[in-house]
1. Would you please name the residue that is modelled with the highest pLDDT, looking only at residues in the stretch 20-47 that are under 18 Å from Glu305 (Cα atoms), in contact with a Phe, Trp or Tyr (Cβ under 7 Å, 6 or more places away or on another chain) and surrounded by 15 or more Cβ atoms within 10 Å (Cβ to Cβ)?
2. Considering each of Ala241, Ala263 in turn, give the residue that is under 19 Å from Gly145 (Cβ atoms), open to solvent by less than 10 Å² (accessible area, probe 1.4 Å) and among the small types (Gly, Ala, Ser).
3. Given Gly183, Gly156, Gly141, Gly152, which one is at positive phi, in contact (Cβ under 8 Å) with a residue 40 or more places away in the chain and buried (at least 17 other Cβ atoms within 10 Å of the Cβ)?
4. Tally up the residues in the stretch 266-302 that are charged (D, E, K, R) and open to solvent by 20 Å² or more (accessible area, probe 1.4 Å), please.
5. Collect the residues in the stretch 130-165 that are modelled with pLDDT under 90 and either under 10 Å from Gly97 (Cβ atoms) or touching an Asp or Glu at 6+ places or on another chain (Cβ under 9 Å) (or both), keeping them in residue-number order.
6. Quick one: would you say Leu198 is open to solvent by less than 70 Å² (accessible area, probe 1.4 Å), modelled with pLDDT of 90 or more and not polar (S, T, N, Q)?
7. Quick test for you: out of Ser95, Ser135, Ser191, pick the one residue that is of a type in the set (Gly, Ala, Ser), open to solvent by 70 Å² or more (accessible area, probe 1.4 Å) and assigned to a helix (DSSP H, G or I).
8. Report yes if some residue within the stretch 167-177 is crowded, with 17+ Cβ neighbours inside 10 Å, within 25 Å of Leu66 (Cα to Cα) and polar (S, T, N, Q); otherwise report no.
Amino acid sequence: MGTRTAAQLLGLLLVGALLLALGLCVGSTGWSPWFGAEAFPDDTLRQILWDIRAPRSLGAWLAGALLGLAGAMAQGLFRNPLADPYLLGCSAGASLGVAALLFAIGLSPTATALALRIGMTGAAFSGAVLAVVLSLVLARGVAHGLRLLLAGVVVGVVLGSGAALLTLMNPDALRAMQAFMLGSTGFVSWSAVQVMALSLLVCLLVGLGCSRALDALTLGEDTARSLGQKLSLIRLLLIAALSLATGSAVAQCGLIAFVGLIAPHLVRSWGPTPHGALLLLSPLTGGALLLAADIGARWVIAPQELPVGIITALLGGSYLLWLMHRRGSVLGAAR
């Protein structure tokens, strides 16, 4: 690890720690710090901090880290800077799973009992996995990256249409679906934090193990093969890892836009970065982005709360517009 990468790593860890401390100070009523809070009885303050703010803040950071890692994997795997974690239809599959769950509730006692046992988290994760499997089946494996990319687009459109149809057939579920589509960290518990932390560890180990193959892949598939890389196995491992990372984040926090796309871009904007460093820095960047957005969502119009997906969409869209303008200005100056 180079000196620059180590400095960036330490800086992002410090930013994450500061944001976590800030997250403990922002609640449903806005700024209400845990230090010097004599207004709360000890038991009440402990419950607010430990059962509500701490898992929410840490869960938001972990969800952002998972999306940042998945985005870096997707962009390296498909050699496309516009690739994001939802590229293989994960978002549409998760939406379909949640819509199907909400549609099943009330159909019959058996269907309701099964739906409640699965839960929204299980339904969203199952739908995301289904979408990836369908993409792999349509693409006839992982041998052709372009075919897999197109299959993911097709699966996303079809499953998204199915989710919209089920939502229209069940208007009572519209509010719950809207909350899922806009993203929310308000219901993250300690069990969800544990699931996301384990998923992040597994996916990070897989990504780092494939980092040299991703570096070779930037030179082209033929060159990567000539360097002895087993591209089919690498693609399969990376697709499994990015699907697990995306599915875990989406299942716990809903659909959160732009974090997985922007985090690797920010890391690359700091200088040339090999994939080994990129896969370490992107999760830290994604975690900081989503946690900062979540704090803003709690704080801006307190005691009401904005969906965190709106904040990330505004920040991500603004960054992409600035990036387009900057690159356009550079190209115009070059002429």
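1. Step by step, filter the stretch 20-47, then rank; the result is Leu24.
2. The match here is Ala241.
3. Working: Gly156 fails: at positive phi; Gly141 fails: buried (at least 17 other Cβ atoms within 10 Å of the Cβ); Gly152 fails: at positive phi.
Answer to the selection: Gly183.
4. 1
5. Gly145
6. no
7. Working: Ser95 fails: open to solvent by 70 Å² or more (accessible area, probe 1.4 Å); Ser135 fails: open to solvent by 70 Å² or more (accessible area, probe 1.4 Å).
One residue alone meets the criteria, Ser191.
8. So in the stretch 167-177, the residues crowded, with 17+ Cβ neighbours inside 10 Å come out as 167, 170, 173, 176-177.
From the residues that got through so far, the ones that are within 25 Å of Leu66 (Cα to Cα) too are 176-177.
From the residues that got through so far, the ones that are polar (S, T, N, Q) too are none.
Taking every residue of the stretch 167-177 in turn, none turns out to be crowded, with 17+ Cβ neighbours inside 10 Å, within 25 Å of Leu66 (Cα to Cα) and polar (S, T, N, Q).
The values are calculated or read from the model by the stated rules, or taken from the named source; none is laboratory data. In this text the structure is predicted, and so the values were computed from the model without any measurement. Quick reminder, even Gly has a Cβ in these numbers, built from the backbone with ideal geometry, and neighbours come from all protein chains shown. The area values use the complete protein model at the heavy-atom level, side chains included, leaving out ligands, DNA and RNA. Shrake-Rupley method; radii C 1.70, N 1.55, O 1.52, S 1.80 Å.
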